[in-house]
Amino acid sequence: VESFQAEAMAWRNGLEDGFSGVLGVLPDFTYYRGAPMMLSESIRFDTPFSEAIPHRSILKLHYDLSGRLDVQWERRGSGELVVNVTHNEQGPRAALIWPYTLGAVGGVEEYGGLAARTESMTEDTLTMVIVSETGDLPEAIAP
């Protein structure tokens with residue numbers, strides 16, 4: 001969480017004066033082995049440890065072991081992303097997609113001005129398309 005907050009602060013500090021950009025959070029990890037991480041929540045408010053940063057959560061994931069999960073994305077225009085979530089080991093999936101309706105091919109969910117659809121699923125990779133229903137997606141995306 002601390003490294004994500006530092007990355008978000010560096011992004012904000014690099015903005016030109018007067019620019020009101022929004023940082024996209026993808027993946028937005030919420031839990032690690034049941035303990036809350038809440039990446040996007042960690043930059044939502046001013047606290048004694050960090051300052052609020054304008055952001056938009058693009059895809060929330062719960063995960064269990066670091067290093068077992070690879071999240072890659074590419075843009076299909078300014079308002080659409082293709083996201084691949086790959087599980088790098090044998091055994092139970094390392095990621096749980098939220099909302100859970102996206103955990104099956106054809107699953108669709110609308111949340112926060114986004115529409116997500118699961119396009120395909122293999123033994124180790126889940127592919128989704130995420131479309132903004134409110135215009136462009138943020139240009140900057142972290143972590």
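Identify the residue in the range 97-143 that is in a loop (DSSP other than H, G, I, E, B) and hydroxyl-bearing (Ser, Thr, Tyr) and, among all such residues, is nearest to residue 2 (Cα to Cα).
This residue is 134.
From 34, 18, 91, 106, grab the single residue that is modelled with pLDDT of 80 or more, at positive phi and not basic (Lys, Arg).
106
Across the range 127-139, what is the total count of residues that are more than 13 Å from residue 27 (Cα to Cα), within 14 Å of the chain's Cα centre (by Cα) and not hydroxyl-bearing (Ser, Thr, Tyr)?
Of the residues in that region, 5 qualify.
Quick one: residue 41 ticks every box in (1) at pLDDT below 85; (2) part of a helix (DSSP H, G or I); (3) among the charged types (D, E, K, R) except a single one, so which number is it?
For residue 41, the failing item is (1).
List pairs: first residue in the range 37-49 and touching a residue at least 40 places away in the same chain (Cβ under 8 Å), second residue in a loop (DSSP other than H, G, I, E, B) anywhere in the structure, Cβ distance under 9 angstrom, at least six positions apart or on different chains.
What qualifies is 39/1; 39/27; 39/143; 42/1; 42/49; 42/50.
Which residues, counting only those in the range 119-139, are surrounded by 16 or more Cβ atoms within 10 Å (Cβ to Cβ) and modelled with pLDDT under 90?
Residues satisfying the conditions are 121, 126, 137, 138.
The values are calculated or read from the model by the stated rules, or taken from the named source; none is laboratory data. Note that this is a predicted model, so its numbers are computed, not measured. In this analysis, Cβ positions are derived from the backbone assuming ideal geometry, glycine residues included, and neighbour counts consider all displayed protein chains.
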